[in-house]
Structure formats: structure tokens, C-alpha cells
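A quick write-up on the structure given underneath.
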Amino acid sequence: ILGNVIKNGSLVVQEQALVALAAVAECLQDAFIPFYDAFMPLCKAILLRASGKNFREMQGKAIDAISLMAASVGPEKFQQDAGQIM
């Protein structure tokens, strides 16, 4: 669902989807691990594709979501994506 929202939704809806994802990751903590591989590529794609002044807010929300997902899954799981994100 989030993938379709990111492709077709308005900017505000996309930003709110990232906020919701971040909240879920934070609440689930290590129970988020099974979902990490589905959602991290979407957040990385936003960082790569959402450029320009109109997308600064979205990039910030993506970074917030990434950081909360990383904290939830731990450094071993996040390590595979850390280099690309940094």
C-alpha cells in the first residue's frame, strides 16, 4: 500500500505515510524486523528521487523514518543499508 501511495499520492499524503511508518517502527521495536526489508527500499528511493525545494520536507520525513527503523532493527540489520544512506 505504501508503495502505491508513494507513486501516486499527493505530497502531503506521502509525507504522512512516512510519519505513520516511523511511528509503527518505533512502537514495534524489534518486532519490526520482518517488515524492514519491505519498507527500507521505499525510504531509500525517496531520498534518491525526491529532490528539489518541494521535496525537502519529504526527505526529512524519510530520514526520520529510516532512523526509527534502524533503531528498531538494530545495527546488525541496518548495517546493510547504512553506507548507502550516509
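Suppose only helical runs count, i.e. DSSP H with n ≥ 4. What mean residue ellipticity at 222 nm does that imply for the chain under -39500 (n - 2.57) per run, divided by all residues and rounded to the nearest 500 deg cm²/dmol? When only DSSP H runs of four or more count, the value is -26500 deg cm²/dmol.
When the solvent-accessible area of the chain is split by element, carbon and sulfur atoms take up 58 percent of it, the probe being 1.4 Å. Rg of the Cα atoms in segment 28-86, relative to 2.2 N^0.38 Å, amounts to 1.11. For the pair Cys27 and Lys53 in one chain, pulling the backbone fully straight at 0.36 nm per residue adds 6.3 nm over the alpha carbon distance. Quick one: helix 33-49 against the long Cα principal axis of the chain, what's the angle to the nearest 10°, folded into 0 to 90? Here the helix axis deviates by roughly 30 degrees. Among all the aspartates and glutamates, which ones have a C-alpha under 15 Å from Lys53's C-alpha, if same-chain residues fewer than 8 places away are not counted? Straight-distance partners of Lys53: Glu15.
The values are calculated or read from the model by the stated rules, or taken from the named source; none is laboratory data. Remember, it's a predicted structure, so these values are computed and weren't measured experimentally. Accessible surface is based on the protein model in full, side chains and every heavy atom, while ligands, DNA and RNA are left aside. Shrake-Rupley method; radii C 1.70, N 1.55, O 1.52, S 1.80 Å.
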